[in-house]
Amino acid sequence: MAGEIFLTCIAKSNSGGFLGVGNNNGDIYIFNLDNKDKSVTLKPHHKIVRSIGFTEDSSKILTASDDTTIKIVDIASEKIALSFEGHKESVSCVRSHPNDSRFFYSCSHDKSVKSWDMRMKSCIDTFQTGSSLWSLEAFPKNVITGGESGVLSIFSIE
């Protein structure tokens, strides 16, 4: 069926006040769980949204897409605040640093993990791996990734 839309990712904010949902059409939906009548629909990407996550302070939502970009959406203004480019293939996962909203991390099918700084608006470090990456989780001192090789990789981010 042409034009069929399906949901691809879901994330809850750290504060629990927001729920973010992405779809295969490049759209994201942000639901205010405290005010069930209010929701926001944005189209930050032109391809599938693979991953979403909230900043540590829950003020922004991060989105990763097959269009190779990462977008940062400011929830209060309901606008794209920043756009990041640097991956050569689909960005499969994005996560905020658990203690510092300035930093976030992404992984990609291009076999790389990138560390980003929102204030500098740029990539500050890149780690290469041996296979396409599908998943990432950020901890205060480490980023752990997994992908096609079936191996968990741990990277120090201190």
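The values are calculated or read from the model by the stated rules, or taken from the named source; none is laboratory data. No experiment lies behind these values; they were computed from the predicted model shown. Every residue, glycine among them, receives a Cβ derived from its backbone with ideal geometry; neighbour counts consider all protein chains shown. The accessibility values were calculated without ligands, DNA or RNA, using every heavy atom of the protein model including side chains. Shrake-Rupley method; radii C 1.70, N 1.55, O 1.52, S 1.80 Å.
Within the stretch 115-132, the set of residues being open to solvent by 70 Å² or more (accessible area, probe 1.4 Å) and small (Gly, Ala, Ser) comprises 130 only.
Take residue 14 and tell me if it is of a type outside the set (Gly, Ala, Ser), in contact (Cβ under 8 Å) with a residue 12 or more places away in the chain and touching a Ser or Thr at 6+ places or on another chain (Cβ under 9 Å). Here the answer is yes, as residue 14 does meet what is asked. State whether the residues of the stretch 3-17 include one that is within 12 Å of the chain's Cα centre (by Cα) and open to solvent by less than 30 Å² (accessible area, probe 1.4 Å). Yes, the stretch 3-17 contains at least one residue that is within 12 Å of the chain's Cα centre (by Cα) and open to solvent by less than 30 Å² (accessible area, probe 1.4 Å). Only one entry of 149, 112, 135, 108 meets the criterion of being polar (S, T, N, Q), modelled with pLDDT of 95 or more and open to solvent by 40 Å² or more (accessible area, probe 1.4 Å), and that entry is 135.
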